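The values are calculated or read from the model by the stated rules, or taken from the named source; none is laboratory data. Only a predicted model underlies this, so the values are computations on that prediction, with no experimental measurement involved. Positions of Cβ are backbone-derived with ideal geometry, glycine not excepted, and every protein chain shown enters the neighbour counts. Side chains are part of the model used for accessible areas, which takes the heavy atoms of the whole protein and leaves out ligands, DNA and RNA. Shrake-Rupley method; radii C 1.70, N 1.55, O 1.52, S 1.80 Å.
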Amino acid sequence: MATQQQAQILRPETLVNAFQQNGVTHVITIPDSETNYLYELMLEQPWLDIVPVSREGEAFGIAMGLNLAGKTPVVLIQNTGMLESGDSIRGMALDAGFPLVMVVGYRGWTRRGKITDSVARYTEPFLHAFGINYYLVEYDADGDRINTAFEEARATRRPVAVLIGDEYHGWNR
Amino acid sequence: MIEAIEVFRAFEPYRGKAIVAATGTSGRHWSEVSTYPTRDVTLGGAMGQATSAALGLALGLPDEKVVLFDSEGALLMNLGVLATIAGKAPKNFYHFLLDNECYATTGGQPVPNASNIDYASLAKGAGYASSYHFDDLEDFTISVGEILNEPGPVFVSVKVVPEIENLPMGMRPSRGGRSRAEMFRDLRAELGIAD
């Protein structure tokens, strides 16, 4: 039973391992209430530099600068912050044309369709409007989709989103 | 207030091999003064975000001095970046603010509370290692060399004369010059970074 439950959650190690496998050097982030375990785990990684920002829009400018410097950044934010970042995503990520995986907490989303926060209603339409492809990740078993997102970002030199549909705890089911 | 081009003329002898990014209406004069264009870069693209991009560049290139000439209208759009920069405390980052107190490119409308904001105090309060304010060219010229030898992040606010543009965009002469993509390519080649 315990093993079955374990398989039904997304452990933060799954994301951190994907970051390491894909050569990530910096994670630019605003922590949210669902990602604290991930934040603490990232802080323990000597190969990873965490860049806390004050507002999510900053993250895409910083990512562009890091990419210009030859580094591999990831943006880790909540969907609310993604909406706030629209012009930065346009001007600093899409127009600059570099590989960028954005890991986005899918606040308000449930797999049975009952939306618990209006931001979930606008998350995928926002990504469609910007032409940003995305992958939904709920469990450890979905971990390959994270690597797929990195591969696609490198191949297309565009942002690719990973939507975290169940943020490390299983509450959304 | 100081003419923006005089700020750049005073800075240039001390530039060394620093990577320089200049933004805003005042910032366009940098290309007239710079003698090392392969280390010049434009980080514009979303108003207010050049500051963040310059931080990213400084974090990614800790052995290179990164100098940003920012504008106050842009900084006000992204004021939290002062705390972000101070939090990461890049010792190689020099943040100049060319403060003309207005949106010069849209006709000179004042920025909020234009004449009364003490940007140097904001930066110092956010946690920059040091911050300065100048409104006299002689004082700036005497000080800028020493300031560039201090450990960053350093903030330098300079009051500059607004150069207001009031023609419709379609009637303004093209500034020409390299695109952002070309400047990125040239800087990477200069630094030996794979594209």
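Counting Cβ atoms of other protein chains within 10 Å of each Cβ in B:35-44 and taking the mean gives 1. Distance distribution note for the protein assembly as shown: the fraction of Cα pairs above 38 angstrom is 21%.
Treating each Cα of region B:73-164 as an identical point scatterer and summing with the Debye formula, the log10 of I(q)/I(0) at q = 0.11, 0.14 Å⁻¹ comes to -0.32, -0.51. Peptide A:141-151 is shielded by partner chain Cβ atoms: per residue, an average of 0 of them sit within 10 Å of its Cβ. Once you divide the Cα radius of gyration of chain A by 2.2 N^0.38 Å, the number left is 0.96. When chain B is modelled as a GNM with alpha-carbon springs shorter than 10 Å, which of B:Gly48, B:Gly145, B:Gly24 fluctuates the most? Answer for the Gaussian network model of chain B: B:Gly145. Summarising the amide proton neighbourhood of B:Ala22: residues at separation of 5 or more, or on other chains, whose placed amide H is nearer than 5 Å comprise B:Val41, B:Leu43, B:Phe69.
Remark: region A:58-122 projects, on average over all directions, an area of 4.5 nm² (convex hull of Cα atoms). Counting only DSSP beta bridges with both residues in region B:60-128, the antiparallel share comes to about 25 percent. The P(r) of chain B has a tail past 25 Å containing 30 percent of all C-alpha pairs.
Under a 5 Å amide H cut-off, with hydrogens placed 1.01 Å from N, A:Tyr134 pairs with A:Ala161 among residues at least 5 apart or on other chains.
Comparing A:Ala129, A:Ser54, A:Phe98 along the charge dipole axis of chain A, the residue lying farthest to the positive side is A:Ala129, per the Cβ-charge model. Of the residues A:Trp47, B:Trp30, ranked by 1.4 Å probe accessible area with the largest first, the sequence reads A:Trp47, B:Trp30.
Amide hydrogen proximity for B:Val160: with H placed 1.01 Å from N in the peptide plane, the residues at 5 or more positions away or on another chain lying under 5 Å are B:Ile2, B:Asp99, B:Asn100. In this rough spin-label picture, where each label sits 7 Å from Cα along the Cβ direction, the B:Glu32-B:Asp186 distance is 1.8 nm. Here the calculated FRET efficiency for B:Asp118 and B:Arg178, from their Cβ-Cβ distance with R0 = 35 Å, stands at 0.50, rounded to the nearest 0.05.
If you run the Gaussian network model on chain B, springs between alpha carbon atoms under 10 Å, then out of B:Phe93, B:Phe11, B:Phe69 the most flexible one is B:Phe11.
Note on region B:80-124 and region B:29-48: Cα centroid distance 18 Å, given to the nearest whole angstrom.
In this rough spin-label picture, where each label sits 7 Å from Cα along the Cβ direction, the A:Leu136-A:Glu152 distance is 1.4 nm. Each residue of region A:77-83 is assigned a 3J(HN,Hα), and the resulting list reads 9, 9, 4, 4, x, 5, 4 Hz, derived from the Karplus form 6.51 cos²θ - 1.76 cosθ + 1.60 (θ = phi - 60°), x at Gly and Pro. In this label model, B:Glu146 and B:Asp63 are separated by 3.1 nm, measuring between points 7 Å along each Cα→Cβ vector.
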